[in-house]
């Protein structure tokens, strides 16, 4: 039975797009793309339908002259080699060979044209894949443990749970008209490698003694999210058995659908509803929908690794290994994807894993084959032993392709990481994230050093610049980073970061003190004073 659009009872509290979504469900755009626009061409697309293209995973590509970006769902980040080959073929035939790995374990194309989409949709469907609801006001790609099923540090295998949620929510018209985008994560890894605190709904591993026996399940965090006003997820007081994850997810999503704000687009995220109601009221309303739940058990998350897995690691299966490869700023190609598929088939278990750190894993490598894989020419660029800074640098798409970004980020991030690797010696990992607009796709808020693009006026005109924030982390004691005053010219970012990192090296309380711990020991004002001095000396 279809849901009741209760929010339509107060039409004066709705933004214009809400009325359009009631007239035409976002999922209907798939039919229109294939049956109408692909045949009649780019000029035939009405402006209002471009907003619905997101339900197909598609955005107009800057400068809106007929090209599109497209994201493909990879639930939990697990790909078969056959799927990887199809993805490679699409990129090669239609996307100029370019493939980006995103911070939601998806892949993204550029340079697509409207006439390409029927064939793209068919190729994806042939291997059980889709771009449907990779974007839009709907449940987006479910983030999960990229090591699912092979992870020595996972308490249970969450692949069946991710699959259950994916099958329920995908193409489900009861949930295809949410107030705005909606993000979920599920992981039973004790190092929080799906970053639950920044999801609308995140499930993390927990345990509870039930009838005298320790039982593995989940706790749930609700109302996380980044963008201009970031929120950390709030933990519900309930213990969730694996078979009840879907029930809880349906309940939380229903509350967002029926009570989430639809008056202003920028205020239409679950995080604002949770913040206004408070987590206690939110749980009360959730229990009315799903019934009573047992109280929280023991949280089993003990740390956060940022989902980085460089190098060769033992799987929980005896004699098998996975190899973590660095994809510099998430940018790869059709040719490399085909080679990854070849390696997965010849040496591994026939799968490839994508991570929220924009990197790739090759699992199922027998002990006797590890050295042979490490000698493969592909692993010279996608190396399992990356340089310090390149290994921990993340970037959004930037204004090369994205209409929202105001500065270029992808290539700049790569150049900054390369410069730091050439000029700064560091024995601790340090995460640097670039974003080109406030939306935060590059997740700068949780980085050790986050950089957000801006513009500054000079005698020669407006130029790219960046605001710098320091000290972000997730895990047992999560904190967003703090923005320092003083915008840095784009051309000076690498030198400024080098000086800040050298200052950290000189002032830390021992070689094992992380940058995050350093920032919170000495305080943000100390970093502010240092940045002010650096900028003054450069002016």
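The values are calculated or read from the model by the stated rules, or taken from the named source; none is laboratory data. Since the structure is predicted, the reported quantities are computational estimates derived from the model, not experimental observations. Neighbour counts run over all protein chains shown; Cβ positions are idealised from the backbone, glycine included.
For region 304-317, a residue qualifies if it is part of a loop (DSSP other than H, G, I, E, B) and either at positive phi or touching a helix residue (DSSP H, G or I) at 6+ places or on another chain (Cβ under 8 Å) (or both), and the qualifying residues are 306, 307, 308, 310.
What do you reckon, is residue 324 touching a strand residue (DSSP E or B) at 6+ places or on another chain (Cβ under 8 Å), surrounded by fewer than 23 Cβ atoms within 10 Å (Cβ to Cβ) and in contact (Cβ under 8 Å) with a residue 24 or more places away in the chain? Step through it out loud before you land on a result.
Numbers: touching a strand residue (DSSP E or B) at 6+ places or on another chain (Cβ under 8 Å): yes; surrounded by fewer than 23 Cβ atoms within 10 Å (Cβ to Cβ): no; in contact (Cβ under 8 Å) with a residue 24 or more places away in the chain: yes.
Considered against the rule, which asks whether it is touching a strand residue (DSSP E or B) at 6+ places or on another chain (Cβ under 8 Å), surrounded by fewer than 23 Cβ atoms within 10 Å (Cβ to Cβ) and in contact (Cβ under 8 Å) with a residue 24 or more places away in the chain, residue 324 comes out as no.
Residue 57 satisfies every condition listed in (1) in contact with a helix residue (DSSP H, G or I) (Cβ under 7 Å, 6 or more places away or on another chain); (2) crowded, with 22+ Cβ neighbours inside 10 Å except (1).
Before we move on, is residue 441 touching a strand residue (DSSP E or B) at 6+ places or on another chain (Cβ under 8 Å), under 20 Å from residue 231 (Cα atoms) and part of a loop (DSSP other than H, G, I, E, B)?
Details: touching a strand residue (DSSP E or B) at 6+ places or on another chain (Cβ under 8 Å): yes; under 20 Å from residue 231 (Cα atoms): yes; part of a loop (DSSP other than H, G, I, E, B): yes.
Taking the combined requirement at face value, the residue satisfies it.
Within region 478-494, being at negative phi, free of Cβ contacts under 8 Å to residues at least 60 places away in the same chain and out of contact with any strand residue (DSSP E or B) (no Cβ under 7 Å at 6 or more places or on another chain) holds for 485, 491, 492.
With in the same structural domain as residue 422 (by TED's automatic domain parsing) and either loosely packed, with under 15 Cβ neighbours inside 10 Å or within 20 Å of residue 446 (Cα to Cα) (or both) as the only criterion, which of 505, 485 stands out? So the residue among 505, 485 that is in the same structural domain as residue 422 (by TED's automatic domain parsing) and either loosely packed, with under 15 Cβ neighbours inside 10 Å or within 20 Å of residue 446 (Cα to Cα) (or both) is 485.
Hey, does region 25-40 have a residue that's touching a residue at least 60 places away in the same chain (Cβ under 8 Å), over 22 Å from residue 132 (Cβ atoms) and loosely packed, with under 15 Cβ neighbours inside 10 Å? Scanning region 25-40 turns up no residue that is touching a residue at least 60 places away in the same chain (Cβ under 8 Å), over 22 Å from residue 132 (Cβ atoms) and loosely packed, with under 15 Cβ neighbours inside 10 Å. Here 339, 358, 375, 418 are screened, and the one residue that is outside the structural domain of residue 437 (by TED's automatic domain parsing), within 30 Å of residue 463 (Cβ to Cβ) and either touching a residue at least 12 places away in the same chain (Cβ under 8 Å) or surrounded by fewer than 19 Cβ atoms within 10 Å (Cβ to Cβ) (or both) is 358. Would you confirm, using the coordinates I've provided, whether residue 413 is crowded, with 21+ Cβ neighbours inside 10 Å, in contact with a strand residue (DSSP E or B) (Cβ under 7 Å, 6 or more places away or on another chain), not assigned by TED's automatic domain parsing to the domain that holds residue 331 and not in a helix (DSSP H, G or I)? No.
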